[in-house]
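Let me begin by presenting the structure, written as structure tokens, before commenting on it.
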Amino acid sequence: MIAKITIAIVASTKEKIQTIIGSIACGNYRWLLVSKHENFGMIQAEMQFLYPGVEMEIIECTKDGCWEADMIILDIPGCEQREVAEMIQEVSTQKIVVRMCEESLADGEDLQKLLKHSRVVNVIGDATSSKRTITGKDPESVEFVSSLFKKTEQPIR
């Protein structure tokens, strides 16, 4: 049996979390939603309704949530990236860190410099669209992230 991949999502809004999970929910994944916002608790029930069997947990501590994860997805404003990167720097070593953004920004390179021992992959474009650009310095990580976003077109039923 294939082990579950644990994916931590650090996102600024409930809608961003829903979009990410909706884009890649098919598969053998365990989701860790990293948030201090109480209203994120409703996401678990909503996602389990839309995707029966999805395994999900909400964790308040960014560092702890990212430490437990095999892969980390950041969908936060650019102004928060440095702070979050500093929090997860020591627990993201050798992990894929996915930076979600709607448009190409220069700070993708800055994130890789902050997370020197992580494999940063940039997903540029609207997460709900099939027109995304996925870039990064590690070709295997880029291919893996590309395959995640291609897996799901329909919710699991």
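Please treat every number below as a calculation from the coordinates, not as lab data. None of these values were measured; they are calculated from a predicted model. Using ideal geometry, Cβ is built from the backbone for each residue, glycine included, and neighbour counts are taken over all protein chains shown.
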Could you give the nm distance between label points at residue 12 and residue 55, where each point is 7 Å from its Cα heading toward the beta carbon? 3.2
Given H placed 1.01 Å from N in the peptide plane, which residues other than close sequence neighbours of residue 122 have an amide H under 5 Å from its amide H? 99, 135, 136
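Between residue 94 and residue 116, 0.36 nm times their residue separation minus their Cα-Cα distance comes to what? Before the final figure, lay out the partial values.
Details: separation 22, 0.36 × 22 = 7.92 nm, distance 0.92 nm.
Extending this stretch completely gives an extra 7.0 nm.
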